[in-house]
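Novice: Sharing a structure with you now.
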Amino acid sequence: MHTILQSFEFPVSALLAISLLLTTFVLHVFAGESRVVRCLASLKTARALLVVGAVMLAIEGTWTVVVHQSVAFCIYVVLLMLSLGLTVLKGLKRKAKVGFLLNHFGLFLIVFAAFFGSPDVQKLKMIVPKGGVERIAYTEERRTVMLPFDIALDDFKVEYYEDGVSPRQFTSTLKVDGQKMQTSVNSPCSYKGYTIFQNSYDQMEQRYTVLLLVRNPWLPVVYVGMAMLAIGSVLLLFGKWKAKVVVPATCVLTILFTAFTISKINFSTLMPALRSWWFVPHIFIYMVAYSLMAFGLLMWLYEAWKERKSDAPISTTPTYCLSDALVRSSSALLIIGMLTGSVWAWQAWGDYWAWDAKENWAAVTWFFTLLHLHLNNKRGWAAITIIVLAFLALQITWYGVDYLPSAANSLHTYTR
């Protein structure tokens, strides 16, 4: 994740992680009322971090600039963790709502494990010929690594679609230290802390398979954070947008958005990575989130236009309250959609976050909706501008990434 941290492998990575936890706790207990600590845990800092994060992600998501490996980004992540940690401790002290604590602590755990765990992540590739036995794998820098086990390839099969050309699935039948296992796209196998993924194969004669072996000891912490963030987001949805007009309109928009997205994918030759149980929920959750945001924005703009002719504050109208709830619900569904996509990405490619163009812009969209949530009920054109920016970012996430310079290296440009 961060080249600056790559030399700080375990146990140094664990010591650095513990140091941040202790620093956060000490600041809360012994300097909780100081100006610096109160600033770090304030709404103003949260808004500033969301804006800076959105800008950094937008830059990397648009151009082939590796922002996440810069010193500035590392400093940003440390400040983000301190802010989230102090906010959670402050919330525990004042007995904040469960959803608030789960959302903030879940995000903290994800960032914490991804940041400090990055030096300990090991990604290796191995070429195994049919009938051969291999123990040596290679890093991205072409350094050799001796594995603590042998891998033999008993058989390799490619399932094709009806055209006889487009691959439907790749499956390697392996013997790992004598134990028979199978690995295919979206269905990896595990052994001694390594997850073995089907990466590639000999496309000419199928004489060998290419495996990706990933060791990520911090992954369980990431998954705990994902679970907490997902549960916290679900809690935000209850009772948020019940209305006789909103539900049917949202359903119609969801169908339209889904139809547009599906029309861009050729199901007759669907690539193996897309053949996953996560495909339908991932797409559907995002489409509902898009629909809620679109409908909420339209209602908000309508209320803002009416405000010009009325002395009554916009925040008191039922339409405004409903549009505000729609945007909040959209924010909750956006992160749930991202989390399902992250789990899917891990099963397919061995990485829950690859800094892909579409991933970055999805995060930008979510950050803007979070910025709306952190306005603390402030109204006016500032709030409307943020929602407009969120909707514009959504358009880039949805179909605009195909036309950005970063699309050349994207895993999400399926139309090519």
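The values are calculated or read from the model by the stated rules, or taken from the named source; none is laboratory data. This one's a predicted model, so the numbers in the text were calculated from it and none came from an experiment. Please note: Cβ atoms are built from the backbone with ideal geometry, for glycine as well, and neighbour counts cover all protein chains shown.
Novice: I'd like the full set of residues that are over 19 Å from Trp349 (Cβ atoms) and surrounded by 13 or more Cβ atoms within 10 Å (Cβ to Cβ), limited to segment 192-209.
Specialist: Asp202, Gln206, Arg207, Tyr208
Novice: If we scan segment 107-123, do we find a residue that is farther than 30 Å from Ser331 by Cβ, aromatic (Phe, Trp, Tyr) and in contact (Cβ under 8 Å) with a residue 40 or more places away in the chain?
Specialist: no
Novice: Which members of segment 327-344 meet the condition of being among the aliphatic types (A, V, I, L, M) and in contact (Cβ under 8 Å) with a residue 60 or more places away in the chain?
Specialist: Correct list: Val327, Ala332, Leu333, Ile335, Ile336, Leu339, Val343.
Novice: Does segment 274-301 hold any residues that are touching a strand residue (DSSP E or B) at 6+ places or on another chain (Cβ under 8 Å) and either of a type in the set (A, V, I, L, M) or not in a loop (DSSP other than H, G, I, E, B) (or both), and which are they?
Specialist: none
Novice: Assess whether Leu392 counts as being in the same structural domain as Met287 (by TED's automatic domain parsing), farther than 16 Å from Ala58 by Cβ, surrounded by fewer than 18 Cβ atoms within 10 Å (Cβ to Cβ) and among the hydrophobic types (A, V, I, L, M, F, W, C).
Specialist: Details: in the same structural domain as Met287 (by TED's automatic domain parsing): yes; farther than 16 Å from Ala58 by Cβ: no; surrounded by fewer than 18 Cβ atoms within 10 Å (Cβ to Cβ): yes; among the hydrophobic types (A, V, I, L, M, F, W, C): yes.
No: the conditions fail for Leu392.
Novice: If you don't mind, there's one more thing I want to ask. Working carefully through the options Leu124, Leu109, Leu92, Leu86, find the one that is touching a helix residue (DSSP H, G or I) at 6+ places or on another chain (Cβ under 9 Å) and closer than 29 Å to Arg215 by Cβ.
Specialist: Residue meeting the stated conditions: Leu109.
Novice: Taking segment 33-71 on its own, how many of its residues are free of Cβ contacts under 8 Å to residues at least 12 places away in the same chain and either of a type in the set (Gly, Ala, Ser) or crowded, with 19+ Cβ neighbours inside 10 Å (or both)?
Specialist: Residues flagged as free of Cβ contacts under 8 Å to residues at least 12 places away in the same chain and either of a type in the set (Gly, Ala, Ser) or crowded, with 19+ Cβ neighbours inside 10 Å (or both) within segment 33-71 amount to 4.
Novice: Could you please let me know if Leu20 is buried (at least 18 other Cβ atoms within 10 Å of the Cβ), over 26 Å from Leu404 (Cα atoms) and either among the basic types (Lys, Arg) or touching a residue at least 12 places away in the same chain (Cβ under 8 Å) (or both)?
Specialist: Here the answer is no, as Leu20 does not meet what is asked.
Novice: Mind listing whichever residues of segment 196-239 are among the polar types (S, T, N, Q), more than 17 Å from Glu140 (Cα to Cα) and touching a strand residue (DSSP E or B) at 6+ places or on another chain (Cβ under 6 Å)?
Specialist: Once the filter is applied, which keeps residues that are among the polar types (S, T, N, Q), more than 17 Å from Glu140 (Cα to Cα) and touching a strand residue (DSSP E or B) at 6+ places or on another chain (Cβ under 6 Å), segment 196-239 yields Gln206, Thr209.
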